[in-house]
1. Name all residues of the range 2-36 having a backbone nitrogen under 20 Å from the label point set 7 Å from the Cα of MET166 along its Cα→Cβ direction, giving them as ranges.
2. State to the nearest 20 debye the size of the charge dipole of the range 7-161 about its Cα centre, where the only charges are +1 on K and R beta carbons and -1 on D and E beta carbons.
3. Using the charge dipole of the chain (Lys, Arg: +1 at Cβ; Asp, Glu: -1 at Cβ; taken about the Cα centre), state which of ILE115, LEU67, SER15 has its Cα farthest towards the positive end.
4. According to the Cα gyration tensor, what semi-axes, each the square root of 5 times an eigenvalue, does the equivalent ellipsoid of the range 93-208 have, listed from largest to smallest in whole Å?
5. Farthest toward the dipole's positive end in the chain, which of MET166, LEU2, THR192, given Cβ charges of +1 (Lys, Arg) and -1 (Asp, Glu) about the Cα centre?
6. Can you give the Rg and Dmax of the chain based on its C-alpha atoms, in angstrom?
7. Among VAL144, ALA207, ALA31, which residue has its Cα furthest toward the positive end of the charge dipole of the chain, with +1 on Lys/Arg Cβ and -1 on Asp/Glu Cβ?
Amino acid sequence: MLKIGLTGGIASGKSIIGEMFVRLGAQLVLADDIAHHLMQPGQAVYAEVVRRFGNEILHPDGTVNRLRLAEIAFGSGGTSGRVKELNAIVHPAVIAYENEWMEEVRRKDPHAIAIVEAALILEAGTADRFDRLVVVTCRPEQRVQRLAARLKIPEEAARAEVMRRMAAQLPDEEKVKAADFVIDNSGSLDATETHVKRVFAALTSEAN
């Protein structure tokens, strides 16, 4: 089995590219989905996050208000962020879940291509878990436009959010240096898909 890390900056298009890989036959898990699951009421991660960050991060129904938590974690209004504190709680549990998932995929299909999509693979120092690292890039202004469309917010608000998130991430130049494959997602979807197919063909030859 080949273990692949799929990463890139905010709104670079990781999810779209992950879906393209799945259509070609890869297995995929999203770190964001795992983190969302682990921060549901009743989970140990949820309890620790609430203990450290307070009830102000909760909706009235007890679920985590992710936007409010992000504001506290990344900082807003001139306040310093607590993203390292949050990551120290969430990342170990997410990584353990990802590793269990990859092992389950391997048991079912020794020749599978198992992809973990996560924004902070390099920042968390966990790239060595993977056989290959795929980095997705795009132009800076595209991040803003895509995030604005995804969250249905004005571009100015999206630009501020992109800047805030990118401050906690390595620049693309550093990610590219560490990559085995780089997928430029700044062109058309057809061009991106053609590139994804080339990368998948190379991965498939390694897996078999």
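Only the coordinates and a few stated rules stand behind these numbers; no lab work does. Worth saying up front: this structure is predicted, and the values here are computed from it rather than measured. Positions of Cβ are generated from backbone atoms using ideal geometry, with glycine treated the same way; all protein chains shown enter the neighbour counts.
1. 7-17
2. Values: 19 positive and 21 negative charges, 47 e Å.
For this selection, approximately 220 debye.
3. Positive-most Cα among the choices belongs to LEU67.
4. Values: eigenvalues 158, 67, 37 Å².
Taking √(5λ) for each Cα gyration eigenvalue gives 28, 18, 14 Å.
5. MET166
6. Cα only, the chain: 17.5, 52 Å (Rg, Dmax).
7. VAL144
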